[in-house]
1. Would you kindly calculate the translational diffusion coefficient of region A:15-98, applying Stokes-Einstein with the Kirkwood radius from alpha carbon pairs, for 25 °C and a viscosity of 0.890 mPa s, and quote it in µm² s⁻¹ without decimals?
2. Let's test the formula: R0 of 51 Å, r as the Cβ-Cβ distance of A:Ser90 and B:Arg92. What FRET efficiency results, to the nearest 0.05?
3. Using the Kirkwood radius over C-alpha pairs as Rh, can you work out the diffusion coefficient of the protein assembly as shown via Stokes-Einstein at 37 °C, viscosity 0.692 mPa s, in µm² per second?
4. On full extension of the chain, what length is gained from B:Lys149 through B:Ala17, given 0.36 nm per residue of separation minus the C-alpha to C-alpha distance?
5. For region A:49-80, state which residues have at least 20 Å² less accessible area in the presence of all protein chains than in their chain by itself, taking the probe as 1.4 Å and leaving out ligands, DNA and RNA.
6. Could you work out [θ]222 nm for chain B from helices alone, using -39500 (n - 2.57) per DSSP H run of at least four and dividing by all its residues? Round to the nearest 500 deg cm²/dmol.
7. Measuring label to label, 7 Å along Cα→Cβ, what does B:Leu106 give against each other copy in nm, shortest first?
8. Taking a point 7 Å out from Cα toward Cβ as the label site, list the nm distances between B:Lys164 and the same residue in every other copy, smallest first.
2 protein chains.
Amino acid sequence: MVRIMAEPSGTARDPEAVSRFVEHFAAQLVEAGMQRMPARVFGALLASDAGALTSAQLGEQLQISPAAVSGAVRYLAQVHMVSREREPGSRRERYRVHGDQWYEALTNREAVIKRWEDALREGVTSLGADTPAGRRLAETLAFFEFVEKEVEAMMERWRVHREKRFGQ
Amino acid sequence: MVRIMAEPSGTARDPEAVSRFVEHFAAQLVEAGMQRMPARVFGALLASDAGALTSAQLGEQLQISPAAVSGAVRYLAQVHMVSREREPGSRRERYRVHGDQWYEALTNREAVIKRWEDALREGVTSLGADTPAGRRLAETLAFFEFVEKEVEAMMERWRVHREKRFGQ
DNA sequence: CCTTAACTTCACAAATTTCTGAAAGAAGCG
DNA sequence: CGCTTCTTTCAGAAATTTGTGAAGTTAAGG
């Protein structure tokens, strides 16, 4: 049970409360399809005061190996949910949740949607646009195209809403 | 290689084209987090002319056991992506994609969102609304609440859009 | 009622995924 | 340049998930 004094900040936070949140939140992400380690790492970052942690801190807090941290972080960076930064003049890397950047990523299932659309388009042509099945696929495709446009507009509105509510 | 003459309809469909679509589409769903069997079953239903298939037909087309069909269908029904119907006077059950009903369900990640929100709310109070971490969680929570409202409005607009484009 | 057709549940084998320890690979610092 | 500190990669052990066969359950039809 070693505690790392990582942040120079004064107020000690209740590590148990943090852990409870992290695990609970991660469990929801897992249920929604995310892998366990990425989910936990992401939770830990969200719940950190600085919004960023080093690899060692993550390993310590979550009781996982450096290898596990590495894998989780690679995934999270790939889907743009965290960014990596190197403190200049150190081999230590920090991983950060970028305030806004990340829920942009959450909605950036766009890549996913695009591939659904491709599959559907292919289906429409190969089954025939004039068959009942083809028509069903076409309608589904139309739905996704609709959603894609709408989500974009929604994020625009969110940025405005956010500005008003949280300043900055 | 046995073909079932299931639909009384005349035009034979190319089973290979259907299969190609089903597997491709299912693969995308899997990548997005859905289990393989539910994804394949759902694909098969989407690609069927009647929009409905019996358990036996699904097993035949996808080359899976009745048990697998049962499990997949149970899941799909639970999340309202298909509905089950019994042809009156028969033990045979049919599973159907309900045209509209199902993408309502897709957006009905609402249940999921609700639980994310709960976890976040808990986090805000337990970490303290006045801490940096607490503020970050609160903002994230606000985002989800925003999305929830927006999605509802979006679906309303879709119904209108759909009506215009596909009649009925 | 009894038979039989259909669906479901359950225990287990197989396949897949997940995480680790160990070794290899970068990059600051002397 | 070599040493040291951190991160990544890789092979494999452990755990989990997935799909099956077989037994169990339900309900139609004689």
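1. Once the numbers are plugged in, D ends up at 194 µm²/s.
2. 0.15
3. 147
4. Once the chain is fully extended between B:Lys149 and B:Ala17, it gains 43.5 nm.
5. SASA drop of 20 Å² or more in region A:49-80: A:Asp49.
6. Mean residue ellipticity at 222 nm (helix-derived): -21500 deg cm²/dmol.
7. Label-point separations across copies, in nm and ascending: 2.0.
8. Once sorted, the set of distances for B:Lys164 reads 2.6 nm.
The values are calculated or read from the model by the stated rules, or taken from the named source; none is laboratory data. These numbers come from a predicted model, not from an experiment. All Cβ positions, even for glycine, are placed from backbone atoms using ideal geometry, and neighbour counts span all protein chains on display. The protein model used for the area step is the full one, side chains on, heavy atoms only, and it has no ligands, DNA or RNA in it. Shrake-Rupley method; radii C 1.70, N 1.55, O 1.52, S 1.80 Å.
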